[in-house]
1. For the residue pair residue B:67 and residue B:199, what label-to-label distance in nm results when each label sits 7 Å from Cα along the Cα-to-beta-carbon direction?
2. Calculate the length of the line joining the C-alpha centroid of region B:185-257 to that of region A:60-128, in whole Å.
3. For region A:188-210 and region A:263-327, what is the centre-to-centre distance using only Cα atoms, to the nearest Å?
4. For residue B:334 paired with residue B:46, estimate the spin-label separation in nm (one decimal), with each label point 7 Å from Cα along the Cα-to-Cβ line.
5. To test your reading of the geometry: what angle, between 0 and 90 degrees and rounded to tens, separates the Cα axis of helix B:170-192 from the longest principal axis of chain B?
6. Shape of region A:37-195 from its Cα gyration tensor (a ≥ b ≥ c, root eigenvalues): rounded if a/c is under 1.5, otherwise prolate when a/b > b/c, or oblate?
7. How do A:410, B:363, A:231, B:248 line up, fewest other C-beta atoms within 10 Å first?
8. Under 1.5 on a/c is rounded, so check that first for region B:9-84, then, if it is not, pick prolate when a/b is larger than b/c and oblate when it is not; a ≥ b ≥ c are the square roots of the alpha carbon gyration tensor eigenvalues.
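Read the figures in this text as sums done on the coordinates, not as results from a lab. Keep in mind the model is a prediction, meaning the values are calculated, not measured. In this analysis, Cβ positions are derived from the backbone assuming ideal geometry, glycine residues included, and neighbour counts consider all displayed protein chains.
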């Protein structure tokens, strides 16, 4: 099955040489993704400002265009016309390249994400690995910005962001690993396809309708993994409560301190696009991606294009929902301190993520293996697939719940003695 | 130091910085993110307040006191009026005293609500807590506007009373505000008091032991947060405060969290005081100003007998004192302000040492300073 839309078929340029068709294909897809990304970013800024304003008893931007929706365009024009200031002591080339190095990998992430049923630009077999690898490059750009600016605040921000990215990337990737075990592959495009059917049991019950709700979040492994992944996504995307690299009340703007005009805007775009890409990734891996009620029904009825459109809508709905959750969190809570941030990653998230991988392995063992090793201990061989899923869900739920409670308890035990002040 | 040589980093936080609450600079020496030394530097907003007052007649200084602590102009007015009244031996009618106390306690509520909001802001919350405080502040400012004509620079007090009586629409609006306040306190406390991140960010941070606090002559919520039940309204009652029932909340450890809790509790105590004032206000007599000074020309021509006077009030930020020396002319010979923000700022270096850079701004926020008062 060819999952990509082949633009050349639409354009009917059969006589063209193969390389030209391929080049055109990629150029068009890249153009669509980048323009879509830019529009998404503008909408994100508007949504964020309006939503936070709502929470704060204000109105937010409401002057430019209907309901202020064009505010980002006005801001963009302002950014273009601002002076581009390079500090005299800065390393000119590093200072110039940093925003580009920060943005490019994020644009590259958009390529492998499955946007809908049959809508994926590049179907990589190692999509998960690619995402993990490419998203880390962005950190280099932040370090370049901090180091090249020759500013103490920028340097502190860069150091913080590197420490944070490294700390949170580990549980993030391990959380993804659990799902990789479940699906038996690293292809992001395949993940939504495996999340069809009904909650928890997927398509394992014969005769059950395909509601497109077999999302991994409904399994114990996916639930814990999804929560860990989302928390790490907040940290990767530098959202409150993990926005310490650019903590405005402490270190002004972190690594962005010495940037103005369009370079600043590029950092800004990179950050919002990363947030959106991570929201889409969360949706794809844990929330069924483009799966949703109606998609399978439309596809079965022979309305492939309509099914693709509906699936795209489902994905965008989930991604925007997650993004709005990030916004609400930003408006609601203060920021953690550096040491608290680190201990949260290493003491809470990492052990839980590791336990989750073990649970995922157990799940796979219980549902897929029919070896004799289980024989005397657990007679899973005689069970139907959906019954085996039920057993696996029960076992992994107990393990994950127990592990969560344990991690919370040992980490939140009160300090040895309370502080006593003489009266 | 081991084989690894590490370098200390000098960072200037301010004078242009998002969370120094004005033009204030902190010279911070950092080892990684840990504060080794901190030196507060101020004076950027010095505007000759005391010298100006010595070159003006007594009443001309009244509007200048608004600009000291521009959040709480009413209490600044009160302190100055009290000092001049002591110097010149002016009687204040009962009703005027009640109105003064009413304004002072409203000021305390608005200051604490926004101070907590600003501190949470320094912790990195995106203005939400601040906006909740600001919402109540706006209502109180509406009341100030009704009474004095200005929202922030009220210039409402006169020697011997206040400039005009409460307008008829004041009390209905005030009652409406009072009905809403308990719900606001509950909501504000519920949202902030047990928030896990706020507790983690503020408990054990910036501890100021009670003897150290007393040694630095810190006052106000910072001192009470350290466990010293010292409040000018109780220690040296002025106006009608001797007749009012209220408690002095104190903290136990003296950290940022305690100061915040003290502010929460003080808002409720101010509410209690306001209730008592509201009950008795209709029965008070004597008018809003001493009839001998009701004419503005009389205020302008005030010639206190030669001598000196010191008066202090419990401003929301601490002990606000005014010292005046008169040589019998229409201008004070010497005028000195004891500004609580300035004095409370002095132990900042001691409080921040050993904490992380992120804690510095939170500790600064918990002291609750206004640069207009620090640099006069």
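1. 4.6 nm
2. Computed from Cα coordinates, the inter-centre distance equals 47 Å.
3. First find each Cα centre; the distance between them is then 18 Å.
4. Distance between label points: 1.9 nm.
5. Tilt relative to chain B: about 10 degrees.
6. It comes out oblate by the Cα gyration axes.
7. Taking fewest neighbouring Cβ atoms as first place, the list is A:410, B:248, A:231, B:363.
8. Verdict is prolate for region B:9-84.
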